[in-house]
1. Starting from one equal scatterer on each C-alpha and no solvent at all, send me the Debye-based log10 I(q)/I(0) for the stretch A:306-374 at q = 0.12, 0.26 Å⁻¹, two decimals.
2. As I understand it, the dipole of the stretch A:52-154 uses +1 on the Cβ of Lys and Arg and -1 on the Cβ of Asp and Glu, about the Cα centre. Which of A:55, A:108, A:135 lies farthest toward its positive end?
3. Can you sort B:199, A:60, A:133 from fewest to most other Cβ atoms within 10 Å of each residue's own Cβ?
4. Does anyone have the angle between helix B:59-70 and the longest principal axis of chain B? Alpha-carbon axes, 0 to 90°, nearest 10?
5. Charges only on Cβ, +1 for Lys and Arg, -1 for Asp and Glu: so what's the dipole of chain A about the Cα centre, in debye to the nearest 20?
6. About the Cα centre, and with charges only on the beta carbon of Lys, Arg (+1) and Asp, Glu (-1), how big is the dipole of the stretch A:52-154? Nearest 20 debye, please.
7. Can you pull the mean other chain C-beta count within 10 Å for peptide B:37-46?
8. Just grab the label-to-label distance for residue B:32 and residue A:248, each label 7 Å out from Cα along the Cβ direction, in nm (one decimal).
Amino acid sequence: MNAGALRRLSGLLRKESLQIWRDPSALAIAFLLPAVLLLIFGYGVSLDARNVPIALVVQRPGALAASFTSQFARSPFFRPRRFLTIQDAERAMTAQLVQGIVWLPSDFARRAEAGGSSPIGVIVNGVDANDARIIEGYVQQVWATWLTARAQAAGGGAALPLSVAPQVRFNQAVDSRDYLVPGLIAVIMTLTGALLTALVIAREWERGTMEALMVTRVTMREILLAKLIPYFVLGMGGMAASVAIAVLLFGVPLEGSVWVLTAASGLFMLTALGMGLVISSIARNQFVAGQIAIITTFLPAFLLSGFVFDINSMPRVVQIITHIVAARYFVAILQSVFLAGNVWSVILPNAFALAVMAAIFLGLARAITHKRLD
Amino acid sequence: MIRQVLALIVKELLAVLRDAKSRMVLIGPPLIQLLVFGYAATFDLNHVPVAIYDQDRSAASRDLVARFLGAPSFQLVAMLRSDRRIDALLDSRQAQLVLVIDRRFTHDLLTGQAAPVQAIVDGRNSNTALLIEGYANTILTDFSLNWGADHGRPAPPAVLDMRARYNPSLSSRWFIVPGIVALLTQVVTLLVVALSVARERETGTFDQLLVTPLRPIDILLGKGLPGLLIGVFEASVIIAAAVWWFDVPLRGGLLPLYLGLLLFVVAVTGIGLMISSLAATQQQALLGAFLFMVPSIILSGFATPIANMPVWVQDLTLLNPMRYFLVIVRAVFLQGADTRMLTSQYWPMAAIGGASLVAAAWLFRKRTV
């Protein structure tokens, strides 16, 4: 690059920076949008069921039934409500006042003493299948605790032949916010990164200023670079703000190093901006560019990145499609760097994939943006 | 007067449906989203990669391992011979569950002590971790009860008999797909209505409308009803797809469903008209629609339960029409609810719809004079 090219580039950079500075909407997209979305998501999205209202129906109260139901009162997961008949409890569940029913039939104590294995009826509201599964798991825990407590009180051997020691790595409290917030950063940065640049070239076309740029001596490469550099800085600023909110406000641990996080974010930002430039060059119209940006970047990042929905559980075809979603790799890196630390076996392959995608999109943007009117 | 409003409605429908690009926005993305959401958005676990370190290697431990291999939710990725690789497998996400069967397993089983089994779960995705724990626990408990029965151990005093009402196999598709009816209806209706007035303002034809004999209220009707029609039509297509393509059972009647749909679309139309009255350009209207849409979807209970949100956020959701309609669609689809049971969901939507239409009419008058 010779001196003339450098001078032209710095002139273009100055123009872009001034444009950003004078039009608050770009600054709003870079800083306000991530912050607002992160706050809404961070407070609003939680998969942790606590204080689940549950109906307890004890048809014949007794010592054994009381020892079982008292376990529910003690559990942090449940808020038990007593019902006299199973019909009342069913009505409460239909009206969604309770999420499930635990039912001790009238022969509960008699059968428990006669031969054991006295059935306890558990009915959960299956409308929200995920919630129902989690509630079933909690009921099972309460039951196992009750058995162990009884066996210990009786001074005998183990209640069940097996004792399971569950151990959760990387997120001991199994707090859904700790895993959702890092994933959210990826989703939000996809949106802002692509939206920022999707509009910039389309805007020049729409306003006719692209033609003005074409009659000057600047090359297409210089125009693209001048678009890329300021928005990269802006996007990384938004990224830093998001990480600060995650760590300081939501208390998400940052186990890995800040440098790994910065490097990975840089790669991802290049990919997102590259996608935005490609969209911008194709659409040449702000309305269509904005629509395409939302449909091709935001929704796949939300659904196909493994941020809420587990990729392993998707149908094979959908799993293959997820490989072309850049956010997938960034989500994997973020969740590891935040919750597990610098796990190189996760970071390196995903960072490599991001680098390849960044190169493809930036190259594509260069290839399809021509200095010509047609 | 009715004829003139009708003419305006026809004109609006033509304006939206004639342009190839806006036709695409109305038809393409919703269909793609329906398919992708329907297939990708699942909380059910399949093929969870599991590694097993069996230190005991006895008949009993092999029986336990076989139960994990036979379960469709789990897929074996490694049989370990030492504990050295456990951390590496978990770190790199090659295994999401590592089951460690202790050396004393058979010995403890036979002597009546609790035989230790360790289940190590990757907690980076906490929801998956909870579900994996639940699945593993079910298998381990089944093994416990069977082994106890086979070897003459006293049975536990009570066992759980678990059933799920309304969705016996707990398929999350039955939960997500009816939700999509609400989601896409809101997106499409809001976009159509929010852009309608802004488009006329931007192209300057709005002034022409104002000099016609139409009253502001007639213009409002002419702008609102096309969105209403398109929204109801779009919802009907998705409902049909839910029933015939995704095989979600429709247990209730169409009357409670469509009553809810109508109130919901009216409420969304009112909000869309408010946005449209405030915006000067299509760009601003689009931004306004987006700013309303994202929080309203996230805080509606579509993917995560409202009951899990902090109380002040739960209070905020009371203003969100989608919250009520989601309850209605799911209740009608899965629980077979009737209109009487859903009264408590209908009236808040009617109130939101009425209030937003009045507000839109007021804003509209203010901006036109």
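1. -0.44, -1.16
2. Positive-end residue among those listed: A:108.
3. Details: B:199 20, A:60 12, A:133 23.
With the fewest neighbours first, B:199, A:60, A:133 line up as A:60, B:199, A:133.
4. With both axes taken from Cα atoms, the answer is about 20 degrees.
5. Values: 29 positive and 19 negative charges, 135 e Å.
That gives a dipole near 640 debye.
6. Numbers: 10 positive and 7 negative charges, 58 e Å.
That gives the stretch A:52-154 a dipole magnitude of about 280 debye.
7. Values: counts 4, 0, 5, 12, 6, 8, 11, 6, 4, 5.
Across B:37-46, the average partner-chain Cβ count within 10 Å equals 6.
8. Inter-label distance under the simple model: 3.8 nm.
We did not get these values from a lab; they are worked out from the coordinates using the rules stated. What you see is a predicted model; the values in this text were computed from it and never measured. In this analysis, Cβ positions are derived from the backbone assuming ideal geometry, glycine residues included, and neighbour counts consider all displayed protein chains.
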